[in-house]
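Colleague: Below are the structure tokens for one structure; questions will follow.
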Amino acid sequence: MSDKIAYSRDGDIAVLTVQNPPVNALSHAVRAGLWAGMDQAESDDGVRAVLIVGEGRAFFAGADITEFGKPPLEPHLPDLINRIEASPLLVVASMHGVSLGGGLEVALGCHYRIAVPSARVGLPEVHLGLIPGAGGTQRLPRLTGVEPALEVMTTGRHVGAKAAHDLGIIDVIKDGDPGKNGLAYAQKLLKDGAGRRAVSEMPPPEPIDWDAAFEATLARSKGQISPAHCVRAVQASVEKPFAEGLKAERQIFYDLMQTDQRQGMIHAFFSERAVSNLPELKGVTPRGLQHIGVIGGGTMGAGIATAALLAGLEVTLLEMSAEAGQAARDRIERNLSGAVKRGKITPNQHDQILTHTLVVVTNYEKLHDVDLVIEAVFEDMSVKKKVFGELDCVCKQGAILASNTSYLDINEIAASTSRPADVLGLHFFSPAHVMKLLEVVVADKTAPDVTATGFALGKMLGKISVRAGVCDGFIGNRILSTYRTAADHMILDGASPYDIDAALEAFGFAMGPFAVADLAGLDIGWAVRKRKRAEGLDPRARDTHYADKLCEDGHFGQKTGKGYYDYAAGPKARVPNPDVLPLIEAERAAQGITPRSFTHEEIVRRYMASMVNEAAKVVGEGIARRPSDVDMTLLFGYGFPRYRGGPLKWADIQGLPELLNDIKGYAETDPYFWHPAPLLEQLVADGRTFDDLNKEG
Ligand code: 3H9
């Protein structure tokens, strides 16, 4: 038997204990071991029942995702589950931790299921671009009915033990040791003379309107296809005999396994976990974090303070005046009330935090005791330096001084203090208590334990933390500024903001770039354009001014009710602002441009080419550690569709030679903007991909 399954006997019960840390994924060795364990139990004299139980953190986290994309090895999971279910012995699953995907499917193949109260079950395959492929779509609806089964598998959500019991998935909930509970339950079942009970032999559930359910699920999934395919697989469970239904499920599972979406989502799964795993921080101990300072209580500062408070940290927030301090407190209170509504904290915790854990001050001296302070004031170097000068004077030795700047040079900020090794960038995304991304910007002199503390803070706040080097805009905003420029160029050449938004929303972005600009505030881009013009634009760079005119007239997007769109009927009911196209036409005329039309495909191709090219420069220059770090930045901070994996995964799937050709083609008319990234040229020359670089670590 494989070393992943331990076989033992307790009277007339055989116990198969799964030992495949960290989460008991159903790897080939585990499947083979379970098969052999069932064989052994069936030939072991006197055995009347089998108990399957997991050691460590979980029953099973599902199929081993690292095996996907490789040739499948026997025994296949569906066959193993059928084999367990068909056993003449009575088979009991004792569940704790998670039972997900193939893990729940194993449990559904057992005849009885017991779980501890903290256990969670689910069929999250849709998050990997798949459907359950080992009988889940056939067995779960037989237990719960069609609608609840579809809800569980199309959302991929984790269902708590009690809810799973109410749905009929779990037979018994009992606190205590899963091994002991399982044995006691199996003994009781034997004593009561309970028989084998195969879910596959239960009658199929009632049908629903399958086409309507398919279309509704497709519409809800924003371009992702796997949830809607769950509907077709469940349809088979109702319309076909069990064995035929299993075959239909298997076919859909295999078809989805071949898709780009499956590749993109599995890339996202592993990259999300790898992004904070930095070799440079191995063995480096982060500094202690208990008390955080925040400078500035605007939307960003209040969001950062809220995130820290929700993570259980003490927060001292500094504002310029008592009135500004009260406004900051009000913002935080609103954020915390939202957290109460979402069930993240209780009303009692909300009150405790506001009366005890949050302190709002107007005097820098009060920050003498903080472990880490994050500045979130106006984006102006002289203002930032003044703040850091004050912090340098009052903060205790060893305190970390962080800036939330989105563009400015952290090296210059650090150099304005007497302790540059303690300075780093912590770039949050608004609203900071909601958005998952945190760029940890490491300056030239940042000490390793300061970087480690930045990552430790990110973990405490539940963020996806990405290491970034210093440059204008770091990883995310630098790439954003390039693809926004590509969009502006397309507008000059004939596309409309509405075509561009429609094309990119169809590609899968939550919002197109012009809708995003309206949401963020057009004044932000205006300030950046003014700064860049003041620094001096390269004479070869194309510049656009029509958006400046919107800002000069006081239209900053959603917050003023008008920008690229008109929001008179509410933020979700945007309609094009009729003033915009005439402004664009006037600018084209002034620049002597004859407009041409762009197809949606052309728009996406150019936009993505600019994004990939800049991302390749960001990786090539070492601003991002590896391609998957860029992918996670765009996924968690910029609304990039998860099912495409990120821009560099998308580029790999499209083919790097084709993309480079596109870029070279665009460069014929604008060689300054479309300068190919050296790293992209190198990868094409070597016949390699961005993912090859990810694998190098
Ligand atoms: C499936 O079952 C298909 C079937 O229907 C049909 C088959 C024919 N495989 O997340 P963590 C690793 S599809 C391989 O940091 P947590 C993970 O990469 C599967 N590895 O911990 C990480 O490695 P490292 C359906 C896996 O406590 C380590 O375990 N199941 C798998 O925050 C710890 O993970 C799912 O989609 C796996 N299945 O969360 C469940 N799962 O330490 C996916 C985890 O090297 N997994 N690893 O970075 C999860 O949702 C979470 O990992 C879990 C633990 C909740 C289990």
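The values are calculated or read from the model by the stated rules, or taken from the named source; none is laboratory data. Note that the coordinates shown come from a computational prediction; the quantities given were computed from them, not determined experimentally. Heads up, the Cβs are rebuilt from the backbone with ideal geometry, glycines too, and the neighbour counts pull from every protein chain shown.
Colleague: Among the residues of segment 209-224, write down those that are aliphatic (A, V, I, L, M) and surrounded by fewer than 17 Cβ atoms within 10 Å (Cβ to Cβ). Working first, answer last.
Modeller: Keep residues of segment 209-224 that are aliphatic (A, V, I, L, M), which gives 212-213, 216, 218-219.
Those that are aliphatic (A, V, I, L, M) and surrounded by fewer than 17 Cβ atoms within 10 Å (Cβ to Cβ): A212, A216, L218, A219.
Colleague: Any chance you could count how many residues in segment 570-613 are assigned to a helix (DSSP H, G or I) and under 22 Å from T560 (Cβ atoms)?
Modeller: Within segment 570-613, the first condition is being assigned to a helix (DSSP H, G or I), and the residues that meet it are 580-590, 600-613.
Retained after the next criterion (residues that are under 22 Å from T560 (Cβ atoms)): 580-584, 586-587.
Residues meeting the conditions: 7.
Colleague: For segment 128-163, how many residues meet the condition of being of a type in the set (S, T, Y), more than 11 Å from the ligand (Cβ to nearest atom) and under 29 Å from the mean Cα position of the chain (by Cα)?
Modeller: Taking segment 128-163 and keeping what is of a type in the set (S, T, Y), we get 137, 144, 154-155.
Imposing the further condition that a residue be more than 11 Å from the ligand (Cβ to nearest atom) reduces the set to 144, 154-155.
Now drop any that are not under 29 Å from the mean Cα position of the chain (by Cα), which leaves 154-155.
Going through segment 128-163 one residue at a time, the tally reaches 2.
Colleague: Restricting attention to segment 230-238, does a residue exist that is part of a helix (DSSP H, G or I), under 25 Å from L635 (Cα atoms) and either assigned by TED's automatic domain parsing to the domain that holds E105 or hydrophobic (A, V, I, L, M, F, W, C) (or both)?
Modeller: Taking segment 230-238 and keeping what is part of a helix (DSSP H, G or I), we get 230-238.
Narrowing further to those that are under 25 Å from L635 (Cα atoms): 230.
So of that shortlist, the ones also either assigned by TED's automatic domain parsing to the domain that holds E105 or hydrophobic (A, V, I, L, M, F, W, C) (or both) come out as 230.
Looking through segment 230-238, at least one residue is part of a helix (DSSP H, G or I), under 25 Å from L635 (Cα atoms) and either assigned by TED's automatic domain parsing to the domain that holds E105 or hydrophobic (A, V, I, L, M, F, W, C) (or both).
Conditions tested, residue by residue: (1) farther than 30 Å from Q263 by Cα; (2) not aliphatic (A, V, I, L, M).
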site: D3; (1), (2): yes, yes
site: S8; (1), (2): yes, yes
site: V23; (1), (2): no, no
site: G37; (1), (2): yes, yes
site: D45; (1), (2): yes, yes
site: K70; (1), (2): no, yes
site: D79; (1), (2): no, yes
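Colleague: Go through segment 450-482 and count every residue that is part of a helix (DSSP H, G or I) and within 17 Å of F636 (Cβ to Cβ).
Modeller: Adding up the residues that qualify gives 11.
Colleague: So in segment 53-86, with the set limited to residues that are touching a strand residue (DSSP E or B) at 6+ places or on another chain (Cβ under 9 Å) and in contact (Cβ under 8 Å) with a residue 60 or more places away in the chain, which one is surrounded by the fewest Cβ atoms within 10 Å (Cβ to Cβ)?
Modeller: E85
Colleague: Which ranges mark the strands (runs of 3 or more DSSP E) fully within segment 297-379 that have 1 or more residues being over 24 Å from K463 (Cα atoms) and in contact with a Leu (Cβ under 8 Å, 6 or more places away or on another chain)?
Modeller: Passing ranges, in order: 358-361.
Colleague: Quick one: in segment 128-152, of everything that is on the phi < 0 side of the Ramachandran plot and part of a loop (DSSP other than H, G, I, E, B), which residue is surrounded by the most Cβ atoms within 10 Å (Cβ to Cβ)? Spell out how you get there, then give the answer.
Modeller: Start the filter on segment 128-152 by keeping residues that are on the phi < 0 side of the Ramachandran plot, which leaves 128, 130-134, 136-144, 146-152.
Retained after the next criterion (residues that are part of a loop (DSSP other than H, G, I, E, B)): 130-134.
Details: L130: 28, I131: 26, P132: 32, G133: 25, A134: 30.
Here the answer is P132.
Colleague: Now for a different question. Just to be sure I understand the filter: pairs with C-beta atoms under 7 Å, separated by 6 or more residues or on different chains, first member in segment 400-421 and closer than 14 Å to T451 by Cβ, second member at pLDDT 95 or above and of a type in the set (S, T, Y). Which pairs pass?
Modeller: These pairs meet every condition: I400/T453; L401/T417; I410/S403; A421/T446.
Colleague: Here's another thing I want to ask about it. Going through segment 77-101 one residue at a time, which ones are part of a helix (DSSP H, G or I) and more than 12 Å from the ligand (Cβ to nearest atom)?
Modeller: Going through segment 77-101, the residues part of a helix (DSSP H, G or I) turn out to be 77-85.
Hits for segment 77-101 are N82, R83, I84, E85.
Colleague: Here is a further query. Would you check which residues across segment 102-127 are over 21 Å from D166 (Cβ atoms), buried (at least 23 other Cβ atoms within 10 Å of the Cβ) and either more than 11 Å from the ligand (Cβ to nearest atom) or within 23 Å of the chain's Cα centre (by Cα) (or both) and list them?
Modeller: Pass one, segment 102-127, residues over 21 Å from D166 (Cβ atoms): 102, 106, 109, 125-127.
Now narrow it down to the ones that are buried (at least 23 other Cβ atoms within 10 Å of the Cβ): 102, 106, 109, 125-126.
Passing the criteria: G102, G109, E125, V126.
Colleague: Continuing with the same structure: So is M38 of a type outside the set (D, E), more than 15 Å from the ligand (Cβ to nearest atom) and at pLDDT below 95 or not? Don't jump to the end; show me each part of the working.
Modeller: Numbers: of a type outside the set (D, E): yes; more than 15 Å from the ligand (Cβ to nearest atom): yes; at pLDDT below 95: no.
It is false that M38 is of a type outside the set (D, E), more than 15 Å from the ligand (Cβ to nearest atom) and at pLDDT below 95.
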